[in-house]
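Asker: Here's a structure for you.
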Amino acid sequence: MPQLFHIKTFGCQMNKHDSDSISQILMNEGYQQSKSIDDADIVLVNTCAVRVKAEEKALSVLGRLAPLKQKKRNLIAGVIGCVAQEQGTDLLKRFPHLDLILGPRNIHHIDKFIAQIKKKRERISSLDLSGQITSFPKYNGYLKGRVTCFLKIMEGCDNFCSYCIVPFVRGRETSLSAQKLIDEANRLVRQGIKEITLIGQNVNSYNVRNGSVPTFPRLLKELDSISGLKRIRFTTSHPKDLSDELIGLFGELTTLCPHIHLPVQSGSDAILGFMNRGYTRDTYLSLIERLRKVRPDIAITTDLIVGFPGEREQDFQDSLRLIEDVKFDNIFSFKYSERSGTRAVHLPGKIGDTEKQRRLFLLQQRQKEITLGKNNSLEGTIQEVLVEGPGKRGNHQLSGRTAGNKVVNFFSPTDLRGELLRLNIIQGCQNSLLGEIVGAGDQKTS
Ligand code: 5AD
Ligand code: SF4
């Protein structure tokens, strides 16, 4: 009987990608994925530390592993990701049933650690942040049936925004070699992948820290020429590093999807200063203007934090005004959450939770209307959609995304997964669009 593993993943795309990598490493060693945590011989929790709530959720899952381990004495229980890095070996003391603590930069040796635990029944922690990041394992069957995937091009962050724990848990910016990435992208395309999302904490800084080439725009150009790769996306971009060269590529590269996630965090210059973001409201707005000049239909999404220390009503109004001015396609908005070790902990003017909640509600309520308006405005347009798989409703419903990253559901009697189709948008809803097939899309043929 093959041994089974189960990974519970919290947090961002980077964590999802890390969990995919770990799954493939374990499958290469003969383990198989189990649907339920109860059947697994190895349970891993991949954690997020960016806000207190996410961390608490992960810790509560760790607590719930204790009875599981009591029932199954040989169960291997591990915690990986950002909370593992942040709390380190304290977790071994707090949770005596844990066997393994792995920081995000140490996941690629997971097979060896598991073998060691099995052999010696010793508890292991590996938290080195200084090492190079290793690239993906060779994907071998894991991506079967998938049309889209992530490709990590860099990891870590040197920006030290005053609220953010990421630089402490993901370490300094480190880039993967361009040749390896190009080879990997080619391999992914040969396995049926049609769309690759390049991920990193700040992709615009690709190769900048090590003074190497190519830089990010050049890397995009190289990937654009890969035969069979239909779409490229990337995330996340820091506004202070978004160059004209990169903006220009939205009007140039046929595979580069017209969507950018450009976190603004606040619409107030005073707050942006306290956050150490390195740009002003006006410079951000001028980036939006340039992006729309090059690519008028570009979809723009952002992240916003409300209730940052010192945020006065007028600062919050500046954020509200910003979403009004820009008309983002969507926003991800959060109440400021204090993370120990970050500089914002020492800032005066902390805002109470009720007030943060009020501001969050107002921001989200207005954005909902803007998003719905944007989705409504697509009704009657023809959108090119990459079909990713069955929709949520089953019964011949398929689902895909537009180039602008909006989910479209539509009906088809045949499974068209992996096809680029032209769809007429019948209805724009709050979170997705409803479409009908018009024909095949403009296939990239090079
Ligand atoms: N509190 C609230 N939101 C945060 N983010 C990062 N750190 C914090 C924090 N301490 C948000 C930012 C970032 C997104 C990934 O999470 O908006 O862009
Ligand atoms: Fe955190 Fe700022 Fe780095 Fe983004 S750029 S990961 S918000 S420190």
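Asker: Quick check: anything in region 26-49 aromatic (Phe, Trp, Tyr) and closer than 30 Å to Thr342 by Cβ?
Answerer: No, every residue in region 26-49 fails to be aromatic (Phe, Trp, Tyr) and closer than 30 Å to Thr342 by Cβ.
Asker: When region 153-169 is examined, which residues are found to be closer than 27 Å to Ile196 by Cα and either touching a Cys at 6+ places or on another chain (Cβ under 6 Å) or small (Gly, Ala, Ser) (or both)?
Answerer: Scanning region 153-169 gives Gly156, Val166, Pro167, Val169.
Asker: Please give the number of the condition His396 fails out of (1) farther than 14 Å from Val147 by Cα; (2) touching a Gly at 6+ places or on another chain (Cβ under 9 Å); (3) not hydroxyl-bearing (Ser, Thr, Tyr).
Answerer: Every condition holds for His396 apart from (2).
Asker: So how many residues does region 162-183 have that are of a type in the set (A, V, I, L, M, F, W, C), under 27 Å from Ser266 (Cα atoms) and buried (at least 21 other Cβ atoms within 10 Å of the Cβ)?
Answerer: Qualifying residue count for the region: 4.
Residues checked against (1) in contact (Cβ under 8 Å) with a residue 24 or more places away in the chain; (2) out of contact with any Phe, Trp or Tyr (no Cβ under 8 Å at 6 or more places or on another chain); (3) surrounded by fewer than 20 Cβ atoms within 10 Å (Cβ to Cβ); (4) hydrophobic (A, V, I, L, M, F, W, C):
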position	(1), (2), (3), (4)
Gly310	yes, no, yes, no
Tyr336	yes, no, no, no
Lys368	yes, yes, yes, no
Val407	yes, yes, yes, yes
Thr414	no, yes, yes, no
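Asker: Can you tell me how many residues in region 312-332 are within 10 Å of ligand 1 (Cβ to nearest atom) and surrounded by fewer than 20 Cβ atoms within 10 Å (Cβ to Cβ)?
Answerer: 1
Asker: Answer yes if at least one residue in region 287-300 is under 17 Å from Ile247 (Cβ atoms), within 16 Å of ligand 2 (Cβ to nearest atom) and either in contact (Cβ under 8 Å) with a residue 24 or more places away in the chain or assigned by TED's automatic domain parsing to the domain that holds Ala54 (or both), and no otherwise.
Answerer: yes
Asker: A follow-up question, please. Looking at region 145-153, can you tell me whether even one residue there is in contact (Cβ under 8 Å) with a residue 40 or more places away in the chain, within 16 Å of ligand 2 (Cβ to nearest atom) and outside any strand (DSSP E or B)?
Answerer: Yes, some residue in region 145-153 is in contact (Cβ under 8 Å) with a residue 40 or more places away in the chain, within 16 Å of ligand 2 (Cβ to nearest atom) and outside any strand (DSSP E or B).
Asker: Identify the single condition in (1) modelled with pLDDT of 95 or more; (2) touching a Gly at 6+ places or on another chain (Cβ under 9 Å) that Ile199 does not satisfy, given that it satisfies every other one.
Answerer: (2)
Asker: Can I ask one more? Which members of region 320-362 meet the condition of being within 16 Å of ligand 2 (Cβ to nearest atom), within 25 Å of the chain's Cα centre (by Cα) and of a type outside the set (Phe, Trp, Tyr)?
Answerer: Within region 320-362, Ile331, Ser333, Lys335, Ser337, Glu338, Arg339, Ser340, Gly341, Thr342, Arg343, Ala344 meet the criteria.
Asker: Got a number for residues in region 267-283 being away from ligand 2 (no atom under 12 Å from the Cβ) and closer than 19 Å to Gly310 by Cβ? Walk me through it before giving the result.
Answerer: Looking only at region 267-283, we keep the residues that are away from ligand 2 (no atom under 12 Å from the Cβ), and these are 267-271, 273-274, 280-283.
Those still in the list that are closer than 19 Å to Gly310 by Cβ too: 267-271, 273-274, 280-281.
Total meeting the criteria: 9.
Asker: Taking region 18-56 as the search range and keeping residues that are surrounded by fewer than 18 Cβ atoms within 10 Å (Cβ to Cβ) and either charged (D, E, K, R) or in the same structural domain as Lys152 (by TED's automatic domain parsing) (or both), which one is nearest to Arg94 (Cα to Cα)?
Answerer: Going through the qualifying residues, I end up with Glu56.
Asker: For Val294, are the conditions met, namely being at negative phi and away from ligand 1 (no atom under 13 Å from the Cβ)?
Answerer: For Val294, the condition - at negative phi and away from ligand 1 (no atom under 13 Å from the Cβ) - is met.
Asker: Same structure again: Test each condition in (1) free of Cβ contacts under 8 Å to residues at least 12 places away in the same chain; (2) of a type outside the set (Lys, Arg); (3) on the phi < 0 side of the Ramachandran plot for Gly394 and report the one that comes out false.
Answerer: With respect to (1) free of Cβ contacts under 8 Å to residues at least 12 places away in the same chain; (2) of a type outside the set (Lys, Arg); (3) on the phi < 0 side of the Ramachandran plot, Gly394 is out only on (3).
Asker: Let me ask you something else. Taking the condition of being of a type in the set (Ser, Thr, Tyr) and either in contact with a Pro (Cβ under 9 Å, 6 or more places away or on another chain) or within 16 Å of ligand 1 (Cβ to nearest atom) (or both), how many residues in region 157-195 meet it?
Answerer: Number satisfying all stated conditions: 2.
The values are calculated or read from the model by the stated rules, or taken from the named source; none is laboratory data. The structure displayed is predicted, hence computed values, not measured ones. For neighbour counting, all protein chains shown are included, and Cβ atoms are generated from backbone atoms with ideal geometry for every residue, glycine included.
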